[in-house]
Structures are given as structure tokens and as C-alpha cells.
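First up is the structure itself, then whatever we jot down about it.
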Amino acid sequence: MGKESIRLDIVLFINGIPVCNIECKNPYTNKGDYYSAYKQIKRYEKIAPELYKYIQVGIGYAEIVKYFPIVPFSDNVKQEVWKKEGLNIYDAIFDFLKPEMFLDILRNFIFIREFRSEITKVIGRYMQVRAVNKIYQRIIDNLEGKDYKNKGLIWHWQGSGKTLIMIFACHKLYFDERLENPTIFFVVDRKDLEEQFNDELSSLKLNFSFERIESISKLEEIISHNDFSGKRGVFLTLLHKFNLEDLKLKGLLNKDLKISQRKNIILFLDEVHRNQYGILKSKMKSILKNSFYFGFTGTPIAIGERNTYKEFGYPIEEENYLDKYFIDEAINDGFIVPIVYQARKEKEVHLKEQDLEWYLEEEEVDDPGDEIEMKYAKEEVKKRINIITLFLENKNRIEIICEDIKNHYGENFDNKFKGLIVCGSRKACVFYKRIIDKYLPKEYTEVVMSYNISDEEEILEYKKELYERYKKNDWEEINKEIIEKYKKEELPKLLIVTDMLLAGFDEEKLIVIYLDKVLKKHRLLQAISRTNRPYYQLNENLKPAGLVVDYVGVLKYIEKALKFYLEEDKKGIVKNIVTTEEKVNKFKEILDKLKEIFGALVGNFDRESLDSAIKILKEESKEKEFLELYLPLRKLFEFLGPIREKVEYLLEYKWYSSLYEFYKKLMKPQIDESKVEKYYKKTISIIYNLIEIKPLIEITKPAVLDTNYLELIKNSKLNEDEKSIALISNLEYLVIIYGDRNPIYKSIAHKVRELVKLWRERKIDEKVLYKEGVEILNFLKEKEKEKKESGLGDLEYGIFIFLEREMKDGKDKIINIAKDLYTKIKDFLFKDWQKNPTIKKEIEKKIREFLAEKRVEYNWEYERFDKLHKDIFEYLYNNG
């Protein structure tokens, strides 16, 4: 019992405490899907808040199975699928619910998260839990003498949540008694990553505190604590803080410090593909000799001595990594979207093939825009790199590209998604900004890059303008402000960068990268992976893929660029970075599958053909198949933009889009796409330009769904079959939306549901459906008229409806009785009275006393009396 009675399908208890709620739906019946199970639990959270103080996990079990944290104060939380090798998702959830696993989840993998005033919860995904438990077991086995191994590589693709894996593992290890109050370091190699990690740690309500090591002297203090045995606790630091040569530890690095003997020190090292091969790492290991080391990366490398597998794995024993979660798994799980690449303006702007071939083979210089690396390059290499850089900084070439970006972005992504323009150097960034401002409004673009005192004149001049525009003299602060606006506001829409934001930058609305920089190996992968985060609105991912538009030609050498990966894994990456042509083929494949459903009807826009198609969709399996095919088709159509190959299939696409709109208006009025329609503006314009369905659209566009709207359908130019479907579907929606709040709709609910069931099962035809629908509509209109003539307010009329059900007197008498009852309770119905237990009891008591007096007069048995009392109170509770 809560605000009303609820009956949960399954509740799991631990020592009498409810901890998990499972709602099961039959996916083969109408409304029997996973989402309805999820929404039911979200509704229960509000109805019975005391119960859901204890329940921590919700599970919807239907055509799919997902689990999620219980968060009553949030209307939408992330839902996850649990996987276990060798099991399907229906059986895998029982692995999640094993007592030892579920207790582990409760203790170590579910936390409250508060960030920028938004409160939610995080819960571990299956690959995160798997990786954490492998780390945990390795440490425990080592401490107990079962295994000598003290390191491991966690190779998880971009977007899998590596930061949370480290935090979950830290939490689990920190409280294990066998580690005897450990020291745990989170080690990152860039200031911006340190900021992100700090934000994530600070946002979670963990059971431990952490210290951020701000300086080398602070690190020295922690290491030298308690006669060099080291301070216990959790610490976040930059790798560069281990540069201890100039401090008092100099001379002690080769001695056996107490901290060097300790085994209960754990290091979680981020982005280890780029930072674990030099002097700083040697210094770190010389101090923390017996520590546990776990490296995290989405892009390991194997080039000579720079070998991530060797540094953190045990290749001789055929263990290249402790745990791997690869790109194909991440796409299948929906954590990322595929990446599509497209070459643009090849003849005008691409680098010469011999320059690209040389660049991809060259090992000494990591990037032509990386000025620090260039200082150490050989003269010959530097000379050749300079030729490439000058090519990328050519203003005439940039002019061609900027005009192309203006057209491409404007036609495909403007007002829908955001993008990055990746330039070959910082000077090129300035040139791009100057030139693209001629083609797009100035506020569309901003440059995010670093600045130096010794910069060339063009860069210094732009920095001066930037300071004046933002009224600040700190370029780092300005960059932060730009990035914040890019993520939260409509403008800017395109960021111009060269090195910044190419790794570790996550923004779900980022769909396209305009690549004008020669990148290779892990840097190329990390850059293009910025586009692979899904973007959800109304529980639908609006992003079919991330797009990389290549202006240098490097992506056609993708396999050569990835040659440093293990062969099996390289194939996996190449397979999931596809060309535009492959997406066109997918578009055709979906069209073929749709044609199998509708056959010769496809392409016929006459009303009779559309009616016939709607009748096919009466069958639930066909309806489901149509939606599962059409919605991805629509995303692909929008995503592919003005590609020539689409034209020959345009007629078919128009027909399916018209059918979808027809279907949506007739059969599924509850599909609310108002928030996402702007993402499909081409499709909408196609549909609205089709004369054949204009009468339907004109009829079904009112903002309010009520009896006037139903009357509009009844009197429309639709034929009788279409009217019957539209009428009963909208009635069904009214019952779903208003049934609990409106006693009139509640009184017809059973009849409407029964009609829909009979129609879907082909036990009644459209004529019977229409006749019954009109009768229900007339009943609703009569009741609305009655309400108006009675002079009763909304709450009084609700009471009247329930009394009328149990009293056979004239209406005037029942109206007066309803007024009398309302008079006795109206003074208690102030705002939010439902939150006051004393007032709730008083209202219940007064209703009960009033009805008890009537019980004798009308000879009600107790069950009728009790139901009437509960119905009236529940109605007032939901509407008062």
C-alpha cells in the first residue's frame, strides 16, 4: 500500500528487506513490451515511495530484459542489458541475480551521482563488473600467494566507461580487509583528463574521500609520509608529478624505501598507450616497486619498445590483456554507433598519395601539428612534415573546403547535430575561422586551441580578438566556456580544433568530423571515435552513425594506419568503420525487407492502397516488423544526405513515410514525436507535400485530444474504415492517458480495450468497430453536456459519476448529494494535501462517514460500500 494499492510481479528480499522489483510482460499481447514494464516501475516509485526507499534495482522482463537503478526523483534513468558468455539475455539476468553477484552489485556498483544540480544513480554495466572483478581477483590471488601476476591491461573501446571501472574497482578493493588500508592512485597524463576524472569522482556519493595531488611537492609529501612508508587513502594525480629529480627524494630513488616494500599499493593508469614507456614511468616504478599496475586504454599500441601489451600483459603466457571490450561489442550493445567515412573533394584538396604513404610509414614524428615532437625530428623528416603543413595551411584550399562544409553541414545536420573541424595546425585553425565566417554566421563556429607567447602574428592577433570578445585574459578559461556552450546551448555548432578535444571529449550531439589533418594509429582512431556516442530523445537513438568527412585522404588507408594492432583486432576495427556506400546498401536492404510485407501496394499513393496497408498492420507481428524497419530507414535517409544513389529509391521511401504518418495518425496517436521531428525535416517535408494524405493531416493536427477532436474525425473526409481505426485508436489513447484522472473515461475503459482486442483478432470488422466507436463518442459527449448543465466543478462531477453508479435516483438528487459530500471535504483540499498524512486520514474518514449514512438508505453490501469509498478517495487523491 502507498498512495494507492499496487501489486508487484516479483520482489526479491534480503533478510526481509525488499531490494529488487521485477515486472514481467508478455511481449505477444498488446502493450506487453519491455518499455511498459519499465514505465510501470517508474509509476510505482511515485505511488509507493516508502517501499522504493529500499528497493535498489528494477528489472523489466519482456521481449528484451533490462535492469536499472531505482531513482524516484528522475523520470528517466539509463537501462542496461546484462550479458554472460554462453547465455541469452533472458537467462543472463539470472546470473545478475545470483545472491553473490547481486550483493556485489549492491555493495560496489551502484552509487548516487550529483552533477550540476542533477541527481541520478549509476549502476555497473556487465563489462565494467567483469573487468572490475578480474582486477580484484588478480590482486587477491597475488596477496594470497596463488599467482605472481601483479598487473593487467584493460582494453575497452571508447564509450565503455573506463573511468567508472577504475572507481568501482577502487571502491571494492579499498574496503577489503586483506589489503590492510591500501594506497590507491588514479594516474592520468593530461590536465583536461584530470579535470574530468576529478568531476566524476566528486559527483559520486562514495564511501571514501580522495585527495587531488596538485603539485610535485604534494606527491613528495604523500610518499614521504610516516618515514617514507606512504600515506594511506585514494589519490588523483598527473603522471608528470612523478618528476621528482629536483626535490629531496633525489638520491633516495634507488634505495629501499618503506613504500617500495609495500604490496598494498594499487595504480590505475589511464590512456596507457601513450604514456607508459618513458623516464617518468621508470621513476614511478622505482619508488612503487611492489605495487599493482592496471593500465586502461581504448587503443593499445605495439611499435618496437612502445608495446602496451608487453607493459601491462603477459604475452609470453598468451595474455595480451586482462579484459577486452571491443568496438563490435560496444556497437551491438548500443553504447556507441558505427563510424562512417566519406571522402570529399578528392581532386581539389586531398594530399598526394606518396605523401600519405610516407606519413603512415613514418614512425619518428607522431603528428605534423605536434610542434613539440617536431623539435626532435630529423631534419629530413621535419622538412617533409613542413611541406605537408604548408599544404594544409593553404588559404585557397581552405576556401574550397569551407564552402563545402557550409553546404554539407547546412543540408544535413544544421539544427540537428553538431560537428568538429579538425585542422592541420593552430595557424590553420585561425585561417579556417576567418574563411568560414564568410559562409556561415560567425556565432556558428569557435576555435578551441592553446596559445603561446612566441606564436606567429596571425595566431596572436586572433588571441587578442578572442580576449576582447570574451572579456577575459585567460585562453584556458575561454576554452572552457566555449566547450560548455557547445555542450549545453545551441551555439556554437562547429568547433575548430587541431590537437584539443581529439581524445577524451564526449558530446552525444556531435555527429560529424570534418577531417583536414593527417592523423594515424591511435590518434586517428581516438579522433574519429568522438562521433560514436548515441544521442537519445524520447527513448530513441536519433544518431544512426557518426560521420567522418575526409579532406586529406587518410581514411582510405585505414588498414595501413591500424597495422600496429593485433591482426584479429585490426579486422574488427576496419569492419566497424564503414564507407557511405555500405550505408547506402543497408538502406536498400531495409527497403527490400519492407517490400516483402506490402508487395504490390508499395508506390501506390491512392487511398485504397494505404487502407490496405493499414489492414496489414492490424496484425501485431507485421506492425512491429514495420516499425523496426521503417525507423532505422528514416534515420539512414536523413543521415545519408544528398547522395545520388538515394534518388532511384525516393518513390519507395516516400510511400513508406506516407504510410508511417498515416499509421501514426490512425492507429498510434500516442507516438509523440514533437521533440524529434526537427531531426527528420526532409522526411516531414516529403510527407506533407503528398496531396493524397493532406486531408488526414489537416484533421489530426489539433494540440488537444478530446471529444471535439474525435468528432472532427467522425465528420472528416476519411472513409468509414479509416474513421473507425482513427476513432477507436484515439479513444484507446484517451483511456490510457486520462483513465485514472477522469471518471468518464474510466467508465468506458474496459469496453474500448475489448473492442481493440476483437478488432486485432479479426473477430469484428471496421463497420462494427465504427458503430461501437460512435456510440462511445456519443456517450462521452452526453456526459460532457451533462457536466456542463449540472453546474458541478471537476471534482464534484467526478464524485457524481461514482455515486450515479450505485444510486438509481434522479440526477438532480444525486447532484445534490455529490455537492453535499464535496462541501464536507473541500476545505481540506488545499495544494499538496496528499503529502500530509493527517489530512489524508481526515478526508478518508469524512468520505466514509458520509457514505455510511447512505449505506442503510441504499442497502449496499459492505463490498459495494467499500469500493465506492476507495474509488472516490482515489479520484480526489489523483486530481485534488
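Here are the numbers for this structure:
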| read-out | value |
| --- | --- |
| Mean Cβ neighbour count within 10 Å, used as a protection proxy, ranking 168-179, 453-464 highest first | 168-179, 453-464 |
| Cα-projected label distance for Ser202 with Asn396, points at 7 Å along beta-carbon direction, nm | 5.1 |
| In sequence order, calculated HN-Hα J values of segment 211-221 (Karplus, 6.51, -1.76, 1.60; Hz; x Gly/Pro) | 10, 9, 7, 8, 8, 4, 5, 5, 5, 4, 4 |
| Positive-end residue of Val497, Leu460, His408, charge dipole of segment 406-507 with Cβ unit charges | His408 |
| Residue (of Ala62, Phe94, Gln128) at the positive-pole extreme of segment 47-179, dipole from beta-carbon charges | Gln128 |
| Cβ-derived FRET efficiency at R0 25 Å, Glu220 paired with Glu318, nearest 0.05 | 0.05 |
| Extension gain from Gln261 to Phe13, taking 0.36 nm per residue of separation minus the Cα-Cα distance | 84.8 nm |
| Fully extended contour minus Cα-Cα distance, from Glu468 to Ser621, at 0.36 nm per residue | 48.9 nm |
| Label-point gap, in nm, between Asn332 and Ser5 - each point 7 angstrom along Cα→Cβ | 4.6 |
| Positive minus negative residues near Lys345 (Lys, Arg vs Asp, Glu; Cβ under 11 Å) | -3 |
| Solvent accessible area, Å² - Asp809, 1.4 Å probe, full protein context | 50 |
| Subset of Lys618/Lys783; Lys841/Lys867; Lys191/Lys283; Lys78/Lys583; Lys442/Lys543; Lys442/Lys556 violating a 22 Å alpha-carbon distance limit | Lys618/Lys783; Lys78/Lys583; Lys442/Lys543; Lys442/Lys556 |
| Amide H contacts under 5 Å for Ile421, placed H, 5+ residues apart | Leu495, Ile496, Val497, Tyr514 |
| Stretchable slack from Asn541 to Glu50, in nm (0.36 nm times residue separation minus alpha-carbon distance) | 173.4 nm |
| Per-pair calculated FRET efficiency, R0 = 45 Å: Lys78 and Asp141 via Cβ, rounded to 0.05 | 0.85 |
| Net charge dipole size for segment 62-196 [Lys, Arg +1 and Asp, Glu -1 on Cβ; Debye, nearest 20] | 220 |
| FRET E, pair Glu874, Ile110, Förster distance 45 Å, beta-carbon r, rounded to 0.05 | 0.85 |
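The values are calculated or read from the model by the stated rules, or taken from the named source; none is laboratory data. The model shown is predicted, which means the values in this text are computed figures rather than measured ones. Ideal geometry is used to build each Cβ from the backbone, glycine not excepted, and the neighbour counts take in all protein chains shown. Quick note on the areas: whole protein, heavy atoms, side chains included, nothing else; ligands and nucleic acids left out. Shrake-Rupley method; radii C 1.70, N 1.55, O 1.52, S 1.80 Å.
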